[in-house]
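A.B. asks: Mind looking over this structure? Questions follow.
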Amino acid sequence: MNSIASRSNLSSLPVAKLCVQDKVYAVQAILFDKDGTLLDFTYTWGSWGEHLLASFSDELAKKGLPVLRPELLSTWGMIYNENGEVSGYDRNSPISMGTISDLMSLLAQEGYQAGLSWAEAKVLAEQCRRSADEQLEASRTARLLPGARAFLEQCRRCGIRLGIVTSDETDAALKHLEWLGIQAYFDVCVGADLVNQGKPYPDMVELACLQLGVMAERTAVIGDTNGDMQMARAAGTAAAIGIDEGGMTGRRGYPAADTVIAGYLELRIS
């Protein structure tokens, strides 16, 4: 990545101090994961996942085939409380780290095991995905994590360039940023559909840095999974910062991180 952005471009951008606990990083750009980092993951994707699997089960039942296991969303990484409500997610699970294509393959596998041909299972998975997407579009079930907007404002005031690097598809990510009212803060948005290899590989960071005209070593990455941290490390970024909103995972969940925070109040730009 260091050979892509020129030193002349680098010198034309302001350098700010990103203060995290007792550490200070010199940065010109910050790349954010989207889900679980800016967008409340459980609130949005718990609803989407339940609708997806309910639709798929209904279609299997219509065909006289066994329906999906009730615990399937849990095996994908969603966490339920004692009342049977979605209450969190495993930060290193398929539903958190996987692409939409990954999840569709997992769902199609369930259809195949239930008795569909692989082709039928893939078509049904996509059909149910469209239904879940339409339900999400209608409800616009999305909300920001606490403190995110205030931190984005800090970055804007200091002239820091901002980007999104997400396992979601780019168009969907842009839509979610619009729903959250924060799209204007970001100069670039790189989804998994724009690169050859998604997280934990460095491709998304490399492309985002190229588009921003910054060097990886002057860029910080903030994400909610260790895959985000591994991506940052592989790209040679200035900092890999894990955000463990609610303290669900703790430092042990981010072995590749430079530091782990519980929320945006622990970050400061100057």
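The values are calculated or read from the model by the stated rules, or taken from the named source; none is laboratory data. Note that this is a predicted model, so its numbers are computed, not measured. Neighbour counts are summed over all protein chains in view; Cβ atoms, including those assigned to glycine, are modelled from backbone coordinates with ideal geometry. Heavy atoms of the whole protein, side chains included, go into the accessibility calculation; ligands, DNA and RNA do not. Shrake-Rupley method; radii C 1.70, N 1.55, O 1.52, S 1.80 Å.
A.B. asks: With the structure loaded, tell me whether Leu265 is surrounded by fewer than 20 Cβ atoms within 10 Å (Cβ to Cβ) and hydrophobic (A, V, I, L, M, F, W, C) or whether it fails that test.
C.D. replies: Working: surrounded by fewer than 20 Cβ atoms within 10 Å (Cβ to Cβ): yes; hydrophobic (A, V, I, L, M, F, W, C): yes.
Spelling it out, Leu265 is indeed surrounded by fewer than 20 Cβ atoms within 10 Å (Cβ to Cβ) and hydrophobic (A, V, I, L, M, F, W, C).
A.B. asks: Residues that are open to solvent by 50 Å² or more (accessible area, probe 1.4 Å) and of a type in the set (Gly, Ala, Ser): which helices (runs of 4 or more DSSP H) entirely in region 159-261 hold 1 or more of them?
C.D. replies: Values: elements: 170-180, 203-212, 226-235.
So the answer is 226-235.
A.B. asks: Another one. Which ones in region 123-158 are touching a His at 6+ places or on another chain (Cβ under 7 Å) and in a loop (DSSP other than H, G, I, E, B)?
C.D. replies: Result: Ala142, single match.
A.B. asks: Would you please list the contacts, defined by Cβ atoms under 8 Å and residues six or more apart or on different chains, that run from a residue in region 122-136 that is farther than 9 Å from His51 by Cβ and among the hydrophobic types (A, V, I, L, M, F, W, C) to a residue that is part of a helix (DSSP H, G or I) and open to solvent by 80 Å² or more (accessible area, probe 1.4 Å)?
C.D. replies: none
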